[in-house]
1. For the range 84-96, name all the residues that are open to solvent by less than 40 Å² (accessible area, probe 1.4 Å), assigned to a helix (DSSP H, G or I) and more than 16 Å from residue 148 (Cα to Cα).
2. Please determine whether any residue of the range 281-295 is among the aliphatic types (A, V, I, L, M), in a loop (DSSP other than H, G, I, E, B), closer than 30 Å to residue 201 by Cβ and in contact (Cβ under 8 Å) with a residue 24 or more places away in the chain.
3. Condition (residue is part of a loop (DSSP other than H, G, I, E, B), modelled with pLDDT of 90 or more and open to solvent by 40 Å² or more (accessible area, probe 1.4 Å)) applied to the range 164-175: is it met by at least one residue?
4. What's the total number of residues in the range 255-271 that are surrounded by fewer than 19 Cβ atoms within 10 Å (Cβ to Cβ) and in contact with a Gly (Cβ under 8 Å, 6 or more places away or on another chain)?
5. When residues of the range 97-134 are filtered for being surrounded by 10 or more Cβ atoms within 10 Å (Cβ to Cβ), over 28 Å from the mean Cα position of the chain (by Cα) and on the phi > 0 side of the Ramachandran plot, how many remain?
6. Filter the range 195-219 down to the residues that are assigned to a helix (DSSP H, G or I), of a type in the set (A, V, I, L, M) and modelled with pLDDT of 80 or more, then identify the one that is most open to solvent (accessible area, probe 1.4 Å).
7. Do you know which residues across the range 220-236 are assigned to a helix (DSSP H, G or I) and touching a Ser or Thr at 6+ places or on another chain (Cβ under 6 Å)?
Amino acid sequence: MKFQNMLAFLFGLLISPIASVAQAQPALSPFQAFPSLWQIKCDPIKGDPGEVYLLGAVHVLPVNLHWRTPGIGRALSRSDVLVFEVPQDETALAQLNGLIQAQGFLPAGQTLRAQLHPAALSDYDAALAASGLSAASVERERPWLAGLQLMFAQIAKLKFSASDGVDSILMADAARNHTQMRYLETIAEQFALLAPQDRELELQEFESGLKDLRDIAGGLEPLLHAWSTGNQTQLDKLINGDLDEFPQARKLLLDDRNKRWAPKIEAMLKEKHVFFITVGAGHLTGPLGVPALLRKAGYKVEGP
């Protein structure tokens, strides 16, 4: 997976608790974001008692960004169940760590540098220098994991952190307030999207994406601006547009997951609860996004 697409996935598609390696730095001046919020209700004829709010999340954010608008605050105050993509509690993180240990490292005696083609070595060294990581810290990692580590290290330098992401903050609030939490996927299901099976393709994409690590800020800034201003058209273009060049990746990472989630949300609408669902922003935009699928299924969807 190329890094420009990895940025988009981290920003609005995959929550992956691996992002917790990024640590926030001291904030500068605060600013207010106005992310889009959807509200889904049943057709009165169906008589289902449930109600759903949908918030498009950004999974890594700067500490100085305020996104909890009055509308989001009211929706949260009405909701008695919070729903996320995957859990991030100690059990989930232990499971994730086990998967990384099993599928994130090269066999004994192998190193990442030795696998790279000579033409990629200078880009690899430049990416290491930009990240501030030592070669030893990633040398035994498979390319997919090394690529994420190099990217997260740069994101941390830009004062972005997973702990300040929408999901992390709302999960902490729910735990503190003893609010019921549910999840749309398991750690194993989401991890399978990160760790590729094709080792040759994995190395090829790692090498081809190394140059992108020189401009992480250039990739994050337009995504953050589109999300902060509620510009769904631009957000759809930035997050999902590149996937048109990779139809199989789009199917696995976006379209198939949206199709699996929509029936789960329909089932929630049959329960007597108000659900506040937080998923990656890329899942809520465009004609194949979750709101569009629910509209097609006959539900009343209010939002941008």
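The values are calculated or read from the model by the stated rules, or taken from the named source; none is laboratory data. Because the structure is predicted, anything quoted here is derived from the model rather than measured. In this analysis, Cβ positions are derived from the backbone assuming ideal geometry, glycine residues included, and neighbour counts consider all displayed protein chains. Heavy atoms of the whole protein, side chains included, go into the accessibility calculation; ligands, DNA and RNA do not. Shrake-Rupley method; radii C 1.70, N 1.55, O 1.52, S 1.80 Å.
1. The initial filter retains those residues of the range 84-96 that are open to solvent by less than 40 Å² (accessible area, probe 1.4 Å), namely 84-87, 92, 96.
Still in the running and assigned to a helix (DSSP H, G or I): 92, 96.
Answer for the range 84-96, where residues must be open to solvent by less than 40 Å² (accessible area, probe 1.4 Å), assigned to a helix (DSSP H, G or I) and more than 16 Å from residue 148 (Cα to Cα): just 92.
2. The answer is yes, given that some residue of the range 281-295 is among the aliphatic types (A, V, I, L, M), in a loop (DSSP other than H, G, I, E, B), closer than 30 Å to residue 201 by Cβ and in contact (Cβ under 8 Å) with a residue 24 or more places away in the chain.
3. no
4. Total meeting the criteria: 2.
5. Residues meeting the conditions: 0.
6. If we filter the range 195-219 for residues that are assigned to a helix (DSSP H, G or I), which is where we start, we get 199-219.
Keeping just the survivors that are of a type in the set (A, V, I, L, M) gives 201, 203, 210, 213, 216-217.
Next cut, modelled with pLDDT of 80 or more only: 201, 203, 210.
Values: 201: 74, 203: 26, 210: 2 Å².
The residue in question is 201.
7. Within the range 220-236, the first condition is being assigned to a helix (DSSP H, G or I), and the residues that meet it are 220-228, 232-236.
Result: 232, 235, 236.
Residue-by-condition table, conditions (1) within 19 Å of the chain's Cα centre (by Cα); (2) open to solvent by less than 40 Å² (accessible area, probe 1.4 Å); (3) at pLDDT 90 or above:
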position	(1), (2), (3)
48	no, yes, no
56	yes, yes, yes
68	yes, no, yes
78	no, no, yes
82	yes, yes, yes
